[in-house]
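Peer 1: This is the structure I have questions about; it appears just below.
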Amino acid sequence: MKLFHSIKEHFASIKKRDPAARSIVEIILCYPGLHALFFHRIANLLWRCHLYLIARFISHISRFLTAIEIHPAAKIGKRFFIDHGVGVVIGETAEIGDDVHIYHQVTLGAVTSKKVKRHPTVGNGVVIGAGAKLLGPIIIGDNAKIGANAIVINDVAPNASMVGIPAKSL
């Protein structure tokens, strides 16, 4: 019953955030961000069971079908919404809080290839604009807004709005 409530809650959050969403059926059939998240939840479960190859393969199939790449080890909270989706990349050590909304071409990437925490940690209620690049083990505070095409390489305070290259607070 809890799973059903969680799915219903997720659909309601998408409908609330996207004025183009006309029905639950449309969301189920036509939202690649939802499809990518579905595949990620399966791949993440397999990753946590140490079935790494199968998890990576499911992630690869998801990328082929949705043009959204989410590493199976990435940690993603509740009601995560990828709007439009094409070109989104979420790295292995990324952590994403609840109620996060991101647009197409967003990258949560690394700046090193060392086996350490190398991807961003995104707080709750964050909105990340189209084309934004968040790089390195930075922390994005709750309810922050990242503007389109911003390049963020430093921590962002809660409730801040960041724009530019490199991103600066408004």
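Peer 1: For the charge dipole of the chain, defined by +1 on Lys and Arg C-beta atoms and -1 on Asp and Glu C-beta atoms about the Cα centroid, which residue among 161, 38, 106 has the Cα displaced farthest towards the positive pole?
Peer 2: Projecting each Cα onto the dipole axis, the largest value belongs to 38.
Peer 1: So what's the back-of-envelope 222 nm ellipticity for the chain, counting only DSSP H runs of four-plus at -39500 (n - 2.57) apiece and dividing by all residues, rounded to 500?
Peer 2: On the way: 4 runs with 55 residues, N = 170.
So the calculated ellipticity at 222 nm is -10500 deg cm²/dmol.
Peer 1: Charges on Cβ only, +1 for Lys and Arg, -1 for Asp and Glu, centred on the Cα centroid of the chain; of 10, 55, 74, which one is farthest towards the dipole's positive end?
Peer 2: Value computed over the given set: 55.
Peer 1: Right, something else. May I ask for the percentage of alpha-carbon pairs in segment 36-114 that lie more than 22 Å from each other? Display every interim value, and only then the final one.
Peer 2: Values: 499 of 3081 pairs.
Roughly 16 percent, rounded to a whole number.
Peer 1: Right, here's the next one. Select from 120, 158, 137 the residue whose mean-square fluctuation is largest in a Gaussian network model of the chain (Cα-Cα springs shorter than 10 Å).
Peer 2: Checking each option, the largest mean-square fluctuation is seen for 158.
Peer 1: Something else: Could you tell me which trypsin sites (Lys or Arg not before Pro) in segment 79-154 are loop residues by DSSP with no more than 16 other beta carbons within 10 angstrom of their beta carbon? Present the calculation step by step, with values, prior to reporting the outcome.
Peer 2: Numbers: sites: 79, 114, 115, 117, 118, 133, 145; in loops: 79, 114, 115, 117, 118.
Answer in residue order: 114, 115, 117.
Peer 1: Could you tell me the center-to-center distance, by alpha carbons, between segment 129-170 and segment 14-75 in angstrom?
Peer 2: 24
Peer 1: Could you do me a favour and compute the accessible area per residue for the chain, 1.4 Å probe, result in Å²?
Peer 2: Values: 9290 Å² over 170 residues.
It amounts to 55 Å² per residue over the chain.
Peer 1: A follow-up question, please. Quick one: of the DSSP bridges fully inside the chain, what percent are antiparallel, nearest 5?
Peer 2: Details: 2 of 26 bridges.
DSSP beta bridges in the chain are roughly 10 percent antiparallel.
Peer 1: Same structure again: So who's got an amide H within less than 5 Å of the one on residue 78, skipping anything under 5 residues away but keeping other chains? H placed 1.01 Å off N, in plane.
Peer 2: So residue 78 has HN proximity to 98, 99.
Peer 1: Write down Rg/Rh for the chain, rounded to two decimals, with Rg from the C-alpha atoms and Rh from the Kirkwood relation over Cα pairs. Display every interim value, and only then the final one.
Peer 2: Numbers: Rg = 15.4 Å, Rh = 16.0 Å.
Radius of gyration relative to Kirkwood radius: 0.96.
Peer 1: Quantify, in whole percent, the carbon and sulfur part of the accessible surface of the chain (1.4 Å probe; protein heavy atoms only).
Peer 2: Details: 6000 of 9290 Å².
Accessible surface attributable to carbon and sulfur in the chain totals 65 percent.
Peer 1: Please identify every one of the trypsin sites (Lys or Arg not before Pro) in segment 1-60 that sits in a loop by DSSP and has no more than 12 other beta carbons within 10 Å of its own beta carbon. Working shown, then result.
Peer 2: Working: sites: 2, 8, 15, 16, 17, 22, 41, 48, 56; in loops: 22.
Those satisfying the criteria are 22.
Peer 1: Follow-up question, since we're still on this one. With charges only on Cβ, +1 for K and R and -1 for D and E, what is the dipole size of segment 1-111 about its Cα centre, in debye, rounded to 20? List each step's numbers first, then the result.
Peer 2: Details: 13 positive and 9 negative charges, 64 e Å.
The calculated dipole for segment 1-111 is roughly 300 debye.
The values are calculated or read from the model by the stated rules, or taken from the named source; none is laboratory data. Owing to the predicted nature of the structure, the values given are computational and were not obtained by experimental measurement. Glycine also receives a Cβ, built like all others from the backbone with ideal geometry; neighbour counts cover every protein chain displayed. Keep in mind that these areas ignore ligands, DNA and RNA; they rest on the heavy atoms of the full protein, side chains included. Shrake-Rupley method; radii C 1.70, N 1.55, O 1.52, S 1.80 Å.
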